[in-house]
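Visitor: Before I ask anything, let me first share the structure, which is written out below as structure tokens.
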Amino acid sequence: MKDFKILVVDDEYKHQEVLQMILENEGYTVHACSSAEEALNNIEKENYDLVLTDLKMKNMNGLELLDEIKHIDKGIEVILVTGYGTVESAVQAMKKGAFSYFIKSHNPESLLMDIEKITRIKKLEKDNRIFRNQTRKEDYVFDSKNKNFQQILDIARKAADSDLSILILGESGTGKEVLARYIHEASPRNEGHFVPVNCHMFTEGLLESELFGHERGAFTGAIERRIGRFEEADGGTLFLDEIGDMPLSTQIKLLRAIETKSIERIGSNRCIPVDLRFISATNRDISKALEEGDFREDLYYRINAITIEIPPLRDRREDLPHLIDFFFSKIESELKKRVIEIEDGVKEFLLNYNYPGNIRELKNIIERLVVLSEGGIVKVKDLPIDNKKLDLTGSFNSSIGSLKEARKQFEAKYVKMVLDKYDGNVTKASQCLEITTRQLYNKISEYGLR
């Protein structure tokens with residue numbers, strides 16, 4: 001329990017000594033002081049999980065100290081200790097946010113039981129905080145038929161056994177965070193937390209606060225101490241997504257944290273040691289960013305001991321049937337909507353579309369189809385077809401033929417898809433295609449679509 005810190009506050013040295021001895025025998029890290037003012041000074045410098053404070057003290061009493069502690073950091077638990085227990089003072093202490101109330105003449109076992117409860121609550125709170133940050137987790141099954149991706153997974157498994165920093169490259173939506181989580185789960189650090197941070201989501205000042213945390217009063221709006229993602233990831237893995245968008249000033253601080261294996265919260269000069277594994281990702285051209293001075297070369301070499309590049313979905317077409325089935329099953333379960341039938345044109349579209357948004361776009365399209373389905377039937381008309389943006393370059397046969405044949409092949413597929421979308425309504429389909437109904441009837445006849 002060395003990572004659980006307790007501060008004992010009592011103006012009587014003998015009581016300090018007794019409590020400290022009892023708690024240290026239980027394996028807790030214990031500091032002691034003789035006044036509320038000294039306690040507040042200690043709290044500003046150290047991270048405490050629990051404060052045991054005497055109720056009756058000179059200058060500032062235990063209830064006043066409780067108020068000050070909760071103002072600094074609501075996460076610090078407080079137990080009031082006194083030799084003069086009254087129902088009134090106990091109720092008052094609990095209303096102000098004290099965890100419990102201990103009378104000095106009582107058996108210390110009751111105090112130890114309360115402290116044990118706090119340790120369990122603290123662990124659950126930390127786990128829940130991490131799990132809330134992981135609500136976007138995609139539980140893909142890494143069952144790929146693509147040889148290139150199989151090799152990537154093999155490299156990822158080997159890299160997981162080490163503590164080397166990993167840089168994951170790939171287009172937006174290819175599953176960089178999913179692969180990072182996969183590496184974490186396969187690593188010796190899998191008992192620790194996987195903490196993702198999207199560097200693109202925060203402004204410069206907010207990103208530093210997010211990563212390193214801050215002390216109360218460090219800047220306008222910092223009304224209480226905040227633990228950063230580095231400290232949350234201690235013992236586990238910190239995943240820095242879109243690191244290519246990180247401001248240069250933050251890059252300098254990140255480099256220092258990696259090199260010293262320690263951080264300083266904003267508003268503090270105290271070094272806090274951290275033990276974690278770094279995985280970074282970006283969809284930017286890092287080589288270009290280095291040339292243009294947007295990314296530090298020394299940081300680049302620190303974060304890419306191993307580089308893994310994920311191929312776009314259009315280069316993994318043999319995985320589409322599995323991924324389509326996976327997402328239909330997953331989204332059915334999440335939305336509690338059963339899919340009984342999928343129209344032929346839907347599967348054809350999903351297997352042939354080029355997915356510029358990669359796996360994320362595939363998931364979004366299937367989610368839309370399931371949401372809009374009626375009577376358990378997924379229909380072509382619910383596909384997000386936009387004839388000005390549609391990319392079906394993956395729809396051609398692998399055989400190479402004449403340009404004329406390629407055009408006919410594409411046109412036949414596209415005309416069929418638009419007709420399916422409008423339930424065979426030639427007038428609406430011709431308007432979408434921006435041709436006359438007579439021209440559309442000719443194409444229907446030419447391609448044998450009816």
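Visitor: Report, by residue number, each residue of segment 58-100 that is assigned to a strand (DSSP E or B), closer than 16 Å to residue 15 by Cβ and either of a type outside the set (Val, Ile, Thr) or touching a strand residue (DSSP E or B) at 6+ places or on another chain (Cβ under 6 Å) (or both).
Guide: 79, 80, 81
Visitor: Further question: If I ask for residues that are in a helix (DSSP H, G or I) and under 26 Å from residue 223 (Cα atoms), which ones from segment 240-298 would you list?
Guide: 249, 250, 253, 254, 257
Visitor: So, one more: Give the residue that is farthest from the chain's Cα centre (by Cα), with candidates limited to residues of segment 352-385 that are closer than 28 Å to residue 176 by Cα and of a type in the set (Asp, Glu).
Guide: The residue in question is 367.
Visitor: Something else about it: Does at least one position in segment 72-87 carry a residue that is out of contact with any Asp or Glu (no Cβ under 7 Å at 6 or more places or on another chain), of a type in the set (Lys, Arg) and surrounded by fewer than 15 Cβ atoms within 10 Å (Cβ to Cβ)?
Guide: No, there is no match, as no residue in segment 72-87 is out of contact with any Asp or Glu (no Cβ under 7 Å at 6 or more places or on another chain), of a type in the set (Lys, Arg) and surrounded by fewer than 15 Cβ atoms within 10 Å (Cβ to Cβ).
Visitor: Collect the residues in segment 299-312 that are aliphatic (A, V, I, L, M), part of a loop (DSSP other than H, G, I, E, B) and over 21 Å from the mean Cα position of the chain (by Cα), keeping them in residue-number order.
Guide: Result: 305, single match.
Visitor: Please verify whether residue 260 is β-branched (Val, Ile, Thr), free of Cβ contacts under 8 Å to residues at least 40 places away in the same chain and either more than 30 Å from residue 356 (Cα to Cα) or out of contact with any Phe, Trp or Tyr (no Cβ under 8 Å at 6 or more places or on another chain) (or both), treating the condition exactly as stated.
Guide: Considered against the rule, which asks whether it is β-branched (Val, Ile, Thr), free of Cβ contacts under 8 Å to residues at least 40 places away in the same chain and either more than 30 Å from residue 356 (Cα to Cα) or out of contact with any Phe, Trp or Tyr (no Cβ under 8 Å at 6 or more places or on another chain) (or both), residue 260 comes out as yes.
Visitor: What's the number of the only condition in (1) buried (at least 19 other Cβ atoms within 10 Å of the Cβ); (2) of a type in the set (Ser, Thr, Tyr); (3) more than 16 Å from the chain's Cα centre (by Cα) that residue 262 fails to meet?
Guide: Failed condition: (1).
Visitor: Could you check, for segment 101-124, whether at least one of its residues is at pLDDT below 90, of a type in the set (Gly, Ala, Ser) and either over 19 Å from residue 19 (Cβ atoms) or in a strand (DSSP E or B) (or both)?
Guide: no
Visitor: Answer yes or no as to whether residue 235 is on the phi > 0 side of the Ramachandran plot, in the same structural domain as residue 286 (by TED's automatic domain parsing) and in a loop (DSSP other than H, G, I, E, B).
Guide: yes
Visitor: What number of residues within segment 40-92 are touching a residue at least 12 places away in the same chain (Cβ under 8 Å) and closer than 23 Å to residue 18 by Cα?
Guide: Result for segment 40-92: 32.
Visitor: Among the residues of segment 155-173, which ones are assigned to a loop (DSSP other than H, G, I, E, B), under 15 Å from residue 238 (Cβ atoms) and not acidic (Asp, Glu)?
Guide: Listed by number, the residues that qualify are 164, 165.
Visitor: Do we have any residue at all in segment 219-226 that's at pLDDT 90 or above and either out of contact with any Pro (no Cβ under 9 Å at 6 or more places or on another chain) or within 18 Å of residue 170 (Cα to Cα) (or both)?
Guide: Checked against the condition, which is being at pLDDT 90 or above and either out of contact with any Pro (no Cβ under 9 Å at 6 or more places or on another chain) or within 18 Å of residue 170 (Cα to Cα) (or both), segment 219-226 yields no hits at all.
Visitor: Can you tell me how many residues within segment 15-39 are aliphatic (A, V, I, L, M) and without any contact (Cβ under 8 Å) to a residue 24 or more places away in the chain?
Guide: Total satisfying the criteria: 2.
Visitor: Would you confirm whether or not segment 41-55 contains a residue that is modelled with pLDDT of 90 or more and farther than 27 Å from residue 227 by Cβ?
Guide: yes
Visitor: So in segment 206-228, with the set limited to residues that are part of a loop (DSSP other than H, G, I, E, B) and of a type in the set (Asp, Glu), which one is surrounded by the fewest Cβ atoms within 10 Å (Cβ to Cβ)?
Guide: Ranking the candidates gives 224 first.
Visitor: What is the number of the single condition among (1) surrounded by fewer than 12 Cβ atoms within 10 Å (Cβ to Cβ); (2) at pLDDT below 90 that residue 297 does not meet?
Guide: For residue 297, the failing item is (2).
The values are calculated or read from the model by the stated rules, or taken from the named source; none is laboratory data. Small disclaimer: the values here were computed from a predicted structure and weren't measured. Cβ: placed from backbone, ideal geometry, glycine included. Neighbour counts: every protein chain shown.
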